[in-house]
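Here is the structure we will look at, set down as structure tokens.
The values are calculated or read from the model by the stated rules, or taken from the named source; none is laboratory data. These numbers were taken from a predicted model, which means no experiment stands behind them. Using ideal geometry, Cβ is built from the backbone for each residue, glycine included, and neighbour counts are taken over all protein chains shown. Quick note on the areas: whole protein, heavy atoms, side chains included, nothing else; ligands and nucleic acids left out. Shrake-Rupley method; radii C 1.70, N 1.55, O 1.52, S 1.80 Å.
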Amino acid sequence: MKEMIYQTVCPGCNMGCGLYIRENEDGKLAVDFMKSSSANLGKLCRFGMKLPYHYSKSVSMVDGKKASVEYAVKIASDRLSGEDVCVNVNVALLGVGNTTNEESLAFNKIADRMGTIVNTGMGVYSELPTECHPTVGVGVTLNDIENVNRIALFVDPYIQYPLLVRRILAARKNGAYVVSVGLRDLHLADENRYIDPDLYESELGLDSGSVIITELHPNTDTGWVRRMLNLALRTQAKILFMKPFVNAAGVDLLCKGAGQKGIPEIMDGINEGNIKTLVVLDSDPIELMPDSDAAAAILKKLDNLIVITSRDSPVNRIADVVIATEPQYAKAGSFMNVEGRLLNNVHVYGDNNLPSGTAGIDALSTLNQYLGGEAMDYQTLHNKVLESIVRKYTKPKYKELACQVLDIGPVEGQKGNLIYLYNPFMWFDQPDDNDFVLVNMNMVKKLGLRKGGMIALGSDVGTVNIRYRVENMPDGLILSARKLPVATGWITMVSTEAVL
Amino acid sequence: MVEVGDMLVGYATDEDIRSRGASGGLVTAVLAAALEKGLVENVVVMKHINEFEAVPIITDDVKEVLASIGSLHSVPVNLAKYAVGRKVAMPAKPCDAQAVIEQAKRGMIDLDNTYIVGLNCGGSMHPVTTKKMLVEMYDIDPEDVVGEDIKKGKLVFKTKNGEEKALRIDELEEAGFGRRESCRFCTLKIPLNADLACGNWGVIGDLSGSATFCQVMNGKGVKLLENAIKAGRIEVQPASDKAIAIREKVNNVMVDLGNTLEKKILPVIPDEERLQYYIDQLADCVNCGACKEVCPVCACGEDSKCTTFHSLVDNYKMSMYHMVRMLHLADSCISCGQCSDVCPSDIPITLLKSRFAIPSQRKRNYHPGIDLDTPPFFEVMLK
Amino acid sequence: MMTEQEWTPKIVAFCCNWCSYGGADTAGMGRFQQPASVRIIKVMCSGRIDPLHVFNAFLEGADAVLVTGCHLGDCHYVNGNEKTEVRHQFLEEMVQQLGLEPERLYLNWISASEGEKFANFVNDVTEKVKKLGPSPLKPEGVR
Ligand SMILES: Cc1cc2nc3c(=O)[nH]c(=O)nc-3n(C[C@H](O)[C@H](O)[C@H](O)COP(=O)(O)OP(=O)(O)OC[C@H]3O[C@@H](n4cnc5c(N)ncnc54)[C@H](O)[C@@H]3O)c2cc1C
Ligand code: SF4
Ligand code: FES
């Protein structure tokens, strides 16, 4: 076999970074830079640079044994049309947007067929008035960020969305004033401030020439999103919600339906026995939930767990049926990034008998047919996508929202608030060489932490000894850019102690 | 018969190749012949995606070689790493050839079996900057561009409907567009370190635009040309004295310009401000490692000192990774600009490296990537 | 003013097991007056000292770094110290370009018997570095 070269989009977040994946004669992968890509100029972050470790080939399985795709699809359809599967009551479909628009659309058709909807896992959407939807869905363009007068930053670009760093620096060069209201001091900000949420409007000095950069993910607090929307409304500032999945913007447009459930909600449903069958499309709750072990335990309660995926991830091992599809970079299809730009996968170079990249769609089509639906082909789906999901930034049409914000104020005594700085490594529960937490000097002194030593964190679900790095940040916080076995949510109250 | 040192003007015999080539298609014809006649097993060329995007491929397919024809001034890749561990023929800008030789010094490339068809290079541009420049300075839709050229200090773009528009390069650069920063102060414009040095400087009269000036640098260059002549792919004739003089003159102008611009691009920073300057510049590093991955002279592989001894848990004032790399590249850095291109934080990392490498290299009159006779510093000085 | 007087520089000295480490010992036994500023790191040969060890010392808070070894020709491992000398040239250039004062990095050949030389050397460097003040690379929170 010859070397294959694929032009694709980084699966790490919704930024839409273009890149090449080179698959050599032995199947070994390497990333190459695509300098003309508008979102990233070919530049990649830590996660993008490590993509060869991220992609892994999934294997079709039935009840834990290897099977052909055809057989897996057949069994999946049997399970889905079984007597005890009562559609709309105890079935949930989940597709957070880790695959192409075309596969997501096909998945939606299956949901239609079954009389249900595909959940994108962002519960926030169903809790917000529909008028908010466009504003939350697609933000300002990345180029626009460079030309604003003021940026209010509520994310940590270095750790969470590294490709934002250069946009913000460029904005500063062009005269923008950058205020970070994040959780630690950032070098790229003119000002690092921890402002009382009630004072954002008066303190941040935003106007219609400014932009608010914040984020939205399955574990985001709705109150927070409302507050951000209110801030944008009152100040007339533009707003950009960064999102974690490569096609988060795309699935959001494809899966409008009311009654969207968040991942935590679905997990509760399973735990309480209300959901008996779960079908996931490139979405692994074990990776996505803050507490992996707890998530795995809950999933085991399902009668049917059907996984359609291109990756070998933890959920595959406990699934009843795994339907394997080709790796994401090899799929024919498109993704929509956070600015609403449609980006296509292209098979650039390789063998003459190129695989078509439609194995995933073909499997979904067969499944749909077994369920009594119509056949689906790539081109029709792609045309449909082109028609239905063009999106630009639109002026907010919503009205002031009532909100209450989660308070993460200082904690007493030996306790601390452990907060996840979500980044691509965390969403895919993948190792990064950041086995440490971030704490401030006061905590070091208070606990008597030793240079080069460790801090012990504890909660109801476990304990962990971990190294620490000192940062300028508010008292009582412990930030982590990797999943820790003590966390129960995006934010977890933990005990702290020096390891002697 | 071709001999080392020959100054020739040549072109592809095939009319189609000749007309599609950047200037006569000689380079493409030579590469195709090398593949057809078994001089090499593979050729490294650019797979075009559009006017602003191409990806290097390693191919044994003559069709791909013929399709790669033409100079892409807005595709600033370095081709050296694609030649590592293979027996290939390849086109090479001077910095590609330099990197190939630095890799060879470190045992990663077998130079005897690597054929380097050098291309003169007045500089390359970043594709996104170029697109922006087209809109803002030329008032041309980037989609409409079908070709570009450098003529008399001007950058010329041709559009679908046959129009041409030219603007002075120095004015474009003044406005923040034009060539990449590292190309502006590069002074190796003719690849005397390659096996052949090809370019359009010195192609005059009727042949202008449809032939390439080619200097034969060594025995491999002789082989490449003779092979292509024998295959009936190219025709060459001696260059006139006038042609040679013109090429020389243009080169001198470019080298002088490079020297002048170096002082502008790398101004002296006073002793007491330098440390803070480096600390500030590197403070936005997100530790992606792209600058090392893309570095065409680095031969360390995945487990290297710069990464192994750098830990994210340390919040040192300066990054160990960068300090080690500054030191390691003091001899081999060719200021090709690849690291700046790929840095997600837009750190002018090439300029930082150059600030360390250039003085060290000058002090020892050391020119990286020129020939195998000058091994890495360490060896030279230990004697 | 008070604090400046109290401040003693931290000096990291890499010493070769066969020579300068002995030199340091001799200096101690000979009761030559030596400031408490020096931290000795023993290596089997000066040739073992990688530039990154020197960087590490600075990044961890050293105000000066001394690289010491056997006199040229006396290295126990053929030419370890000659390699050290070559590396040192690069290190010096690097330190200079970085903008760190050149008085913070030294190379010296000291044999096991040269206790007084070692003591004088350390005293000398300490004086110079005291004038310079703390290294600008010293991390926050490190004295
Ligand atoms: C960026 C760039 C700048 C140049 N600037 C000058 C100049 O200032 N003065 C001058 O005399 N000549 C310059 N040249 C060389 C000139 O444009 C012609 O390439 C040369 O005259 C050979 O012409 P040809 O018709 O034989 O080449 P062709 O037969 O058209 O072959 C061109 C070859 O170059 C390769 N190539 C194309 N783009 C690149 C790239 N970006 N990097 C590496 N390889 C590439 C292709 O794969 C192909 O093999 C430049 C070339 C490049 C790529
Ligand atoms: S490319 Fe830039 S961000 Fe990445 S490691 Fe290099 S300097 Fe740091
Ligand atoms: S043994 Fe002392 S320097 Fe080598």
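Just checking the output field for C:53-60: average partner chain Cβ neighbours within 10 Å of each residue's Cβ?
Going residue by residue through C:53-60 and averaging, the value is 4.
Return an integer: the convex hull volume of the alpha-carbon atoms of chain B, in Å³ per residue.
Spelled out: Cα convex hull of chain B, divided by residues, is 147 Å³.
To one decimal place, what orientation-averaged projected area in nm² is obtained for the convex hull of the Cα set of the stretch C:11-132? If you can, show how the numbers build up before the last one.
Numbers: hull surface 26.5 nm².
Result: a mean projected hull area of 6.6 nm².
What does the average come to when, for each residue of peptide B:338-346, you count the partner chain Cβ atoms lying within 10 Å of its Cβ?
Mean inter-chain Cβ contacts per residue within 10 Å come to 6.
Where in chain C are the DSSP H helices whose C-alpha atoms run 18 Å or more along the long axis and whose mean Kyte hydropathy is at least -1.0?
Answer set is C:115-132.
With runs of 4+ DSSP H residues as the only contributors, calculate the mean residue ellipticity of chain A at 222 nm using -39,500 (n - 2.57) per run, divided by the residue total and rounded to the nearest 500. Don't skip to the end; give the middle numbers.
Values: 19 runs with 145 residues, N = 500.
Value at 222 nm, helices only: -7500 deg cm²/dmol.
Can you pull the mean other chain C-beta count within 10 Å for peptide A:163-171? Don't skip to the end; give the middle numbers.
Details: counts 4, 1, 8, 7, 1, 2, 4, 1, 0.
Mean shielding by partner chains, rounded to a whole number: 3.
Report the calculated FRET efficiency for A:D112 and B:D280 (r = Cβ-Cβ distance, R0 = 60 Å), to the nearest 0.05.
0.60
Net charge around A:D362, counting only other residues with Cβ within less than 13 Å of its Cβ (Lys, Arg = +1; Asp, Glu = -1)?
Details: positive: A:K331; negative: A:E70, A:E102, A:E103, A:E326, A:D377.
Neighbour charge sum, excluding A:D362 itself: -4.
Which far-off residues, 5 or more places away or on another chain, put their amide H under 5 Å from the one on B:G147, with H placed in the peptide plane?
Amide H neighbours of B:G147: B:K158.
Given B:L312, B:S182, B:H322, which one lies farthest toward the positive end of the charge dipole of chain B, if we put +1 on the Cβ of every Lys and Arg and -1 on the Cβ of every Asp and Glu?
Result: B:H322, furthest along the dipole toward the positive end.
Under the rule of at least 5 residues apart or a separate chain, name every residue whose amide H is placed under 5 Å from the amide H of B:I49.
B:A54, B:V55
Do any GluC sites (Glu not before Pro) in the stretch B:144-175 lie in a DSSP loop with no more than 13 other beta carbon atoms within 10 Å, and if so, which?
Sites meeting the loop and neighbour criteria: B:E163.
Over the heavy atoms of C:T84, what accessible area does a 1.4 Å probe trace out, to the nearest 10 Å²?
So the heavy atoms of C:T84 present about 10 Å² to solvent.
With a 1.4 Å probe and every protein chain left in place, tell me how much accessible area C:K128 has, in Å² to the nearest 10.
For C:K128, the solvent-accessible surface is approximately 80 Å².
I'd like the GluC sites (Glu not before Pro) in the stretch B:1-109 restricted to DSSP loop residues with at most 11 other Cβ atoms within 10 Å, sorted by number.
B:E3
So which GluC sites (Glu not before Pro) in the stretch A:1-95 pass both tests, a DSSP loop state and at most 11 other Cβ atoms within 10 Å of the Cβ?
Qualifying residues, ordered by number: A:E25, A:E83.
Using the per-residue mean of other Cβ atoms lying within 10 Å as a proxy for protection, in what order, highest first, do the peptides B:332-343, B:70-81 fall?
With the highest mean Cβ count within 10 Å placed first, the list reads B:332-343, B:70-81.
Give me the net charge for the shell around A:E497: Cβ to Cβ below 11 angstrom, other residues only, Lys and Arg +1, Asp and Glu -1.
Numbers: positive: A:K415, A:K446; negative: none.
Once all neighbours under 11 Å are counted, the net charge is +2.
Going Cα to Cα from A:K445, which lysines come in below 16 Å? Please leave out same-chain ones fewer than 8 positions away.
Cross-link targets: A:K415.
Roughly what % of Cα-Cα distances in the stretch B:1-123 sit above 17 Å, to the whole percent? Please list the in-between numbers first.
On the way: 4260 of 7503 pairs.
Counting every Cα pair in the stretch B:1-123, those more than 17 Å apart make up 57 percent.
Of the peptides B:189-198, B:350-359, how do they stack up when ordered by the mean number of other Cβ atoms within 10 Å, highest first?
So the peptides B:189-198, B:350-359, ranked by packing, come out B:189-198, B:350-359.
Report, to the nearest 10°, how far helix B:271-282 tilts away from the longest principal axis of the Cα atoms in chain B, using its own Cα long axis and a range of 0 to 90°.
Taking Cα atoms only, the helix is inclined about 70 degrees.
How high is the relative contact order of chain A, in percent, counting Cα pairs under 8 Å that sit 6 or more residues apart?
Relative contact order, chain A: 21 percent.
Considering only DSSP beta bridges where both residues belong to the stretch A:1-140, give the percentage that are antiparallel (nearest 5).
Here the share of antiparallel DSSP bridges comes out near 85 percent.
Give me the dipole magnitude in Debye, nearest 20, for the stretch B:127-177 about the Cα centre, with unit charges on the beta carbon: positive for Lys and Arg, negative for Asp and Glu.
Result for the stretch B:127-177 is approximately 180 debye, rounded to the nearest 20.
Contour minus end-to-end for C:E92 and C:H53, with contour as 0.36 nm per residue of separation and end-to-end as the Cα-Cα distance?
So the chain would gain 12.6 nm between C:E92 and C:H53.
Not counting ligands, DNA or RNA, and with a 1.4 Å probe, what is B:D14's accessible surface area in Å² rounded to the nearest 10?
So the heavy atoms of B:D14 present about 60 Å² to solvent.
So, in Å, what gap is there between the alpha-carbon centers of the stretch A:320-390 and the stretch A:133-176?
31
For the stretch A:418-498, what value does the Rg/Rh ratio take when both radii are computed over Cα atoms and Rh is the Kirkwood radius, given to two decimals? List each step's numbers first, then the result.
Numbers: Rg = 11.9 Å, Rh = 12.7 Å.
With Rh from the inverse mean 1/r over Cα pairs, Rg/Rh is 0.93.
Averaged over every viewing direction, what's the projected area of the C-alpha convex hull for the protein assembly as shown? Give it in nm², one decimal, please.
Average of the hull's projected areas for the protein assembly as shown equals 45.1 nm².
So for C:R31, A:R341, what's the accessible-area order with a 1.4 Å probe, most first?
C:R31, A:R341
With both partners inside the protein assembly as shown, how many of the DSSP beta bridges are antiparallel, as a percent to the nearest 5?
Percentage antiparallel, nearest 5: 55.
Net charge near A:T380: determine it from the other residues with C-beta under 14 Å of the C-beta of A:T380, scoring Lys and Arg +1 and Asp and Glu -1.
-4
Which whole-number percent gives the relative contact order of chain B, counting Cα pairs below 8 Å spaced six or more residues apart?
Reported as a whole number, the value is 20 percent.
With a 1.4 Å probe and all protein chains in place, put C:R39, C:R143 in order of accessible area, largest first. Walk me through the numbers before you get to the answer.
Details: C:R39 105, C:R143 205 Å².
Listed by decreasing accessible area, they come as C:R143, C:R39.
So if the hydrodynamic radius of chain A is defined as the Kirkwood radius over C-alpha pairs, what does Stokes-Einstein give as its diffusion coefficient at 37 °C and 0.692 mPa s, in µm² per second?
Calculated translational D: 140 µm²/s.
Eigenvalues of the Cα gyration tensor times 5, then square-rooted: what semi-axes does that give for the stretch A:42-138, in whole angstrom, largest first?
Sorted largest first and rounded, they come to 28, 25, 11 Å.
Heavy atoms only, 1.4 Å probe, whole protein assembly: order B:F309, A:F436 by accessible area, highest first.
Largest accessible area first, the residues go B:F309, A:F436.
Scan around A:I478 for amide H atoms under 5 Å from its own, H built in the peptide plane at 1.01 Å from N, and keep only partners 5 or more places away or cross-chain.
Answer set, sorted by chain and number: A:N417, A:L418, A:I419.
With a 10 Å radius around each residue's Cβ, average the other Cβ atoms per peptide and rank B:82-88, B:42-48, highest first.
In decreasing order of mean packing, B:82-88, B:42-48 become B:42-48, B:82-88.
Taking only C-alpha pairs under 8 Å that are 6+ residues apart, what is the relative contact order of the stretch B:271-381 in percent? Each step should come with its number before you reach the end.
Numbers: 96 pairs, mean separation 31.2, N = 111.
Relative contact order, the stretch B:271-381: 28 percent.
Can you give the helix-only mean residue ellipticity at 222 nm for chain B, where every DSSP H stretch with n ≥ 4 adds -39500 (n - 2.57) and the sum goes over all residues, rounded to the nearest 500 deg cm²/dmol?
After summing the helix terms and dividing by the residues of chain B, the value is -11000 deg cm²/dmol.
Convex hull over the Cα atoms of the stretch A:246-298, averaged projected area in nm²?
Average of the hull's projected areas for the stretch A:246-298 equals 4.2 nm².
Using a Gaussian network model of chain B with C-alpha springs under 10 Å, which one of B:T187, B:T13, B:T159 is most mobile by mean-square fluctuation?
Judging by the Gaussian network model, the answer is B:T159.
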